[in-house]
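One structure is given here, and the rest of the page talks about it.
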Amino acid sequence: MPDLADTITNKCREVVGYTDKFVPLHSPTFTGAEWTYVKECLDTGWVSSAGNFVDRFEKNLASFCGVKHTVAVCNGTAALHTCLIVSGVSRNDEVIIPTLTFVATANAVTYVGAVPHFADIEPETLGINPLTLYDYLDNISEIRNGQCFNIQTGRRIAALIPMHTFGHPAKIDELIEISQNFGITLIEDAAESLGSYYKGKHTGSFGRIGAVSFNGNKIITTGGGGALLTNDNNLAKAAKHITTTAKRPHPWHYDHDAIGYNYRMPNLNAALGVAQLEQLPSFIKHKRAVAKHYATVFQNVEGLSFVTEPKHSKSNYWLCTLLLDAGQEDKLETILKLSNEKGIMTRPAWTPMHQLPAFKNCPRMNLTVSENMAKRLLNIPSSANIVKSTY
Ligand SMILES: *Cc1c(COP(=O)(O)O)cnc(C)c1O
């Protein structure tokens, strides 16, 4: 059997094309009205906290995601933080999150003084496993007055935050059912899954409220940015208010009725966002074509599989991913080293949250699947513009 590191590097090369330039994991594409809209901000002077691109972006995003309201903020982490605040999660609550996620999910929980409580993932979706979570909650919690309490710590389990890993939808129907059975608020971390659907419905629109990100490496970018998605009028209003310094509207007086945050998205970033959103359907199309090409070239490679969208889902394939077979995990470092040396950027999955020093004492269920999968996942170049450069 040829060396796995060589095989992966060569097969990736077939898809990304033969170029001298380093091939990044995910680079943005600015082939639409970005220049026009950003120039408009510069020409008019509306670059900051006022201007009409924010309203336009929020409206277009709501229509794309099929939700009533969106609130644009300065990044995805701020969006998650705001979701938690307006959902009433506070000091000494516990919030269930997958241990295999980007650190922002866990960090946001601590910003409201709550404690992350780690759930395990499943191989099929790379998201929280609803079956093991149900059994676990059944064992360690009790419901009092419609709220869920951890009988081991005495703390309220206030929220459950599923995350749609690399763009692949988690089993959101079953997770919603758990949240309803146990009286836990469901908040979606859809930071990676803009343009991904579960049973025809956009991710981030299932829970009471959800968060998306427009960081530079996400499927569309506003430079830095994020948004909350919700169908709840009151939550949307509360989120807009506290992300704009809790200022009561008045033509000249500075009157603030709570401690707020300066989390609003600047008009300059929203201008970029409006242009990017116009191209999102074509980005999704291209990224799905890249994924399909990878699936074909890796089809008969021994020792790994290409991660495909789960059942009932249409994924944006934000980051294309290989899963090394069990027993091949010791090859991961060599694969990472060789591919990056050869100009093809690859990255491992995140270190599971419960293995980070800040979160090592947080409550958790059995996390064997996450620990095992984290050592076998490999992200490979996934930009929407790969297709254009190779075909
Ligand atoms: C990108 C990301 C975030 C945070 O978004 P930022 O805009 O970088 O703050 C949160 N959660 C997950 C899972 C992410 O991938």
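More than 16 Å apart: what percent of Cα pairs in the range 204-265 qualify? Write down the numbers at each step before the final one.
Numbers: 1053 of 1891 pairs.
Cα-Cα pairs of the range 204-265 separated by over 16 Å account for 56 percent.
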Task: Whole-angstrom gap from the range 134-192 to the range 45-92, using each part's C-alpha centre - done: 23
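Specify whether the C-alpha gyration tensor of the range 346-387 places it in the rounded, prolate or oblate class, a ≥ b ≥ c being the square roots of the eigenvalues: rounded for a/c under 1.5, otherwise prolate if a/b is larger than b/c and oblate if not. Can you show the working numbers first?
Values: a/c = 3.63, a/b = 2.46, b/c = 1.48.
Verdict is prolate for the range 346-387.
Based on DSSP H assignment, which helices of the chain show an axial Cα extent of at least 20 Å together with a mean Kyte-Doolittle hydropathy greater than or equal to -0.5?
Working: long enough: 267-297 (42 Å, 0.03).
Both cut-offs are met by 267-297.
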Open item on the list: Whole-Hz ³J(HN,Hα) for each residue in the range 343-351, computed from phi via Karplus 6.51 cos²θ - 1.76 cosθ + 1.60 with θ = phi - 60°, x for glycine and proline: what do you get?
Closed with: x, 10, 6, 10, 9, x, 5, 5, 4
- [ ] Please report the Cα spread of the range 279-391 along all three principal axes, rounded to whole Å, starting with the longest.
- [x] 49, 30, 25
Open item on the list: I'd like the FRET efficiency for Asn372 and His312, computed as 1/(1 + (r/R0)^6) with the beta carbon distance as r and R0 of 30 Å, rounded to 0.05.
Closed with: 0.75
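Using only Cα atoms, what Kirkwood radius does the range 229-342 have, in angstroms?
19.1
How high is the FRET efficiency between Thr19 and Ser282 when r is their beta carbon distance and R₀ equals 30 Å, given to the nearest 0.05? Present the calculation step by step, with values, prior to reporting the outcome.
On the way: r = 22 Å, r/R0 = 0.72.
The pair Thr19/Ser282 has a calculated efficiency of 0.85.
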Task: Computed [θ] at 222 nm, helices only, for the chain once each DSSP H run of length n ≥ 4 contributes -39500 (n - 2.57) - done: -11500 deg cm²/dmol
Open item on the list: With θ taken as phi - 60° and the coefficients 6.51, -1.76 and 1.60, list the Karplus ³J(HN,Hα) couplings across the range 360-374 in order, rounded to whole Hz; mark glycine and proline as x.
Closed with: 5, 9, 6, x, 7, 8, 4, 10, 4, 5, 4, 4, 5, 5, 4
TODO: Taking H placed 1.01 Å from N in the peptide plane, check which residues at least 5 places from Arg364 or on another chain put their amide H under 5 Å from its amide H.
DONE: Phe118
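Can you give the net charge of the other residues whose Cβ lies under 13 Å from the Cβ of Leu80, counting K and R as +1 and D and E as -1? All intermediate terms of the calculation are to be shown ahead of the outcome.
On the way: positive: none; negative: Glu188, Asp189, Glu192.
Neighbour charge sum, excluding Leu80 itself: -3.
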TODO: For the range 310-316, just list the computed ³J(HN,Hα) in residue order, Karplus coefficients 6.51, -1.76 and 1.60, θ = phi - 60°, integers in Hz, with x standing in for Gly and Pro.
DONE: x, 4, 6, 10, 10, 9, 7
- [ ] Kindly identify the range 77-176 as rounded, prolate or oblate by the Cα gyration tensor criterion: order the square roots of the eigenvalues as a ≥ b ≥ c, call it rounded if a/c is under 1.5, otherwise compare a/b with b/c, prolate if a/b is larger, else oblate.
- [x] oblate
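Using the crude model of +1 on Lys and Arg Cβ and -1 on Asp and Glu Cβ, and no other charge, please compute the dipole size for the chain relative to its Cα centre, in debye to 20.
The dipole magnitude comes to about 780 debye.
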TODO: Would you pull out the residues with amide H under 5 Å of Ile344's amide H, same chain only if 5 or more places away, H placed 1.01 Å from N?
DONE: Val23
- [ ] Distance check, please: which entries in Lys11/Lys331; Lys171/Lys360; Lys199/Lys237 exceed 21 angstrom between their Cα atoms?
- [x] Lys171/Lys360; Lys199/Lys237
Open item on the list: Run the Debye formula on the Cα coordinates of the chain, all scatterers equal and no solvent, and tell me log10 I(q)/I(0) at q = 0.11, 0.13 1/Å.
Closed with: -0.80, -1.08
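Kindly identify the range 1-144 as rounded, prolate or oblate by the Cα gyration tensor criterion: order the square roots of the eigenvalues as a ≥ b ≥ c, call it rounded if a/c is under 1.5, otherwise compare a/b with b/c, prolate if a/b is larger, else oblate. Show your work: numbers first, answer last.
Numbers: a/c = 2.61, a/b = 1.10, b/c = 2.37.
Here the range 1-144 falls in the oblate category.
Rule-based calculations on the coordinates, nothing more; no lab input. Remember, predicted model here, so these are calculated numbers, not experimental data. Using ideal geometry, Cβ is built from the backbone for each residue, glycine included, and neighbour counts are taken over all protein chains shown.
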